[in-house]
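Visitor: Before we start, here is the structure in question, set down as structure tokens.
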Amino acid sequence: MRSSVSPALAAQHQTSANPGAGRTTVVVTGAGVAGLALAHELATRGADVTVVDPSGPGSKSASWYAGGMLAPWCERENAAEDVLLLGKEAVSWWDAVLPGHVYIKGTLVVAPPRDRTELSRFASRTSGYDWIDGADVDELEPDLAGRFSKALFFKDEAHLDPRKALTALKDNLEKLGVRFCQAPAEVSAGADIEVDCTGMKASETGLRGVRGEMAILHAPDVTLSRPVRLLHPRIPVYIVPRDNHHFMVGATMIESDQDGPVTVRSLMELLNAAYAVHPAFAEAQIVETGTGIRPAYADNFPQVRQDGNRFSLNGFYRHGFLLAPSMAQRAANQILSSCNEAMI
């Protein structure tokens with residue numbers, strides 16, 4: 001269960017005359033979703049936390065280009081069972097920490113008629129879904145009326161806007177007394193604990209980069225209420241609604257740590273998939289394209305690592321917003337337990 005905010009507020013009040021006095025001081029480097037989620041868990045348990053990121057919270061990180069889908073059942077299609085088990089906690093954590101930012105409307109999984117067998121394959125590798133027919137699809141998403149005669153509906157899944165979530169989480173952390181700065185040297189000296197949450201920038205062995213490319217489209221003639229996943233034998237694509245008829249379309253999964261603009265091939269595949277979901281996407285404006293390099297270990301599952309008073313929380317692969325809550329709780333437990341043991 002998520003920690004209460006009350007201990008942090010009490011600790012902040014008790015030490016207002018001398019910030020950090022009697023409290024575990026932690027410097028978290030990296031202001032992506034992992035770093036901010038960890039800062040929240042530590043601050044709400046009474047730690048004195050500083051977040052360091054030269055680029056500012058979220059900016060240019062893999063988190064900034066994420067889809068924001070809280071979809072543990074869908075992700076189980078090609079992920080370990082722990083992704084499902086830990087990911088189930090994400091919806092309630094985000095909804096409690098950022099009320100009003102989480103849309104619990106489920107995920108709709110569809111396939112073109114020629115790829116109908118992909119639905120059965122997807123279903124065989126997942127759970128938590130209902131098979132629905134064309135009438136149900138039309139009721140859930142009227143703009144898709146008549147386009148898909150069969151689909152899978154994962155009713156307990158949710159989504160959020162990553163950029164709004166990162167910004168709101170930073171604002172909440174500042175209210176809890178967490179400090180933000182861009183120069184690590186001036187805050188690291190004397191800290192009880194240092195935690196590296198910098199993703200591919202971390203000087204850590206065992207990490208590889210997985211390139212994910214995305215596009216944001218403005219399609220005034222399309223309305224969707226929930227993420228739609230279009231299955232394809234080669235490159236499955238998802239479309240996530242944002243405000244004012246904007247949609248995030250993503251994402252490629254390329255084994256590469258090469259940053260840089262979206263490739264023509266990837267953009268064509270993303271746009272073709274959007275068009276296959278709804279022809280009106282052909283008239284959409286391309287507002288933005290982007291590339292995020294996702295850090296991953298060999299098993300595609302995040303890890304908490306410790307070397308003395310230095311920790312790292314890394315390797316979230318494509319599951320940043322989904323697994324950050326549980327992994328941040330795990331890391332906070334380990335960090336504070338380490339500090340308690342050191343004091344004995």
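Visitor: Pick out, from ALA66, MET327, HIS218, the residue whose Cα sits farthest towards the positive end of the charge dipole of the chain, with +1 on the Cβ of Lys and Arg and -1 on the Cβ of Asp and Glu.
Guide: It is MET327.
Visitor: Determine one quarter of the surface area of the Cα convex hull of the range 107-226, which equals its mean projected area, and express it in nm² to one decimal.
Guide: Numbers: hull surface 50.9 nm².
Quarter of the Cα hull surface area: 12.7 nm².
Visitor: Check cross-link reach from LYS164 to the aspartates and glutamates: straight Cα distance under 16 Å, and skip same-chain residues fewer than eight apart.
Guide: Result set, ordered by chain and number: ASP95, GLU174, ASP243.
Visitor: What list do you get for ARG226, ARG147 if you sort them by fewest beta carbons within 10 Å? Show your work: numbers first, answer last.
Guide: Working: ARG226 22, ARG147 18.
If I rank by nearby Cβ atoms, fewest first, I get ARG147, ARG226.
Visitor: May I ask you to list the GluC sites (Glu not before Pro) in the range 251-287 that are in a DSSP loop and have at most 11 other Cβ atoms within 10 Å of their Cβ?
Guide: Filter output for the range 251-287: GLU255.
Visitor: Right, another one. What ³J(HN,Hα) values, in whole Hz, does the Karplus curve 6.51 cos²θ - 1.76 cosθ + 1.60 give for the range 219-230 when θ = phi - 60°, with x put for Gly and Pro?
Guide: 10, x, 8, 10, 10, 10, 9, 8, x, 10, 9, 9
Visitor: What are the ³J(HN,Hα) couplings of the range 143-150, residue after residue, when phi is run through the Karplus curve with 6.51, -1.76, 1.60 and θ = phi - 60°? Round to Hz, x for glycine and proline.
Guide: Once rounded to whole Hz, the list reads 5, 9, 3, x, 9, 9, 8, 9.
Visitor: Share of antiparallel DSSP beta bridges in the chain, in percent to the nearest 5?
Guide: The antiparallel fraction comes to roughly 70 percent.
Visitor: Quick one: Cα centre-to-centre distance for the range 38-56 and the range 153-174, in angstrom?
Guide: Computed from Cα coordinates, the inter-centre distance equals 17 Å.
Visitor: log10 I(q)/I(0), Debye, Cα-only the range 37-151, no solvent, q = 0.15, 0.16, 0.24 Å⁻¹?
Guide: -0.88, -0.95, -1.40
Visitor: If packing is taken as the mean number of other Cβ atoms within 10 Å per residue, what is the order of 241-250, 193-202, 168-177, 34-43, highest first?
Guide: 34-43, 193-202, 241-250, 168-177
Visitor: Now for a separate question. Pull up the cross-link candidates among the aspartates and glutamates for LYS201, meaning alpha carbon to alpha carbon under 14 Å and not fewer than 8 places away within one chain.
Guide: Candidates past the 8-residue exclusion: ASP53, ASP257, ASP259.
Visitor: Any chance you could check the Cα centroid distance between the range 101-144 and the range 230-253 for me, in angstrom?
Guide: If you average the Cα positions of each part, the centres end up 14 Å apart.
The numbers here are math on the coordinates, done by the rules we state, and not lab data. Since the model is a prediction, treat every value here as computed from it, not as a measurement. Every residue, glycine as well, gets a Cβ built from its backbone with ideal geometry; the counts of neighbours run over all protein chains shown.
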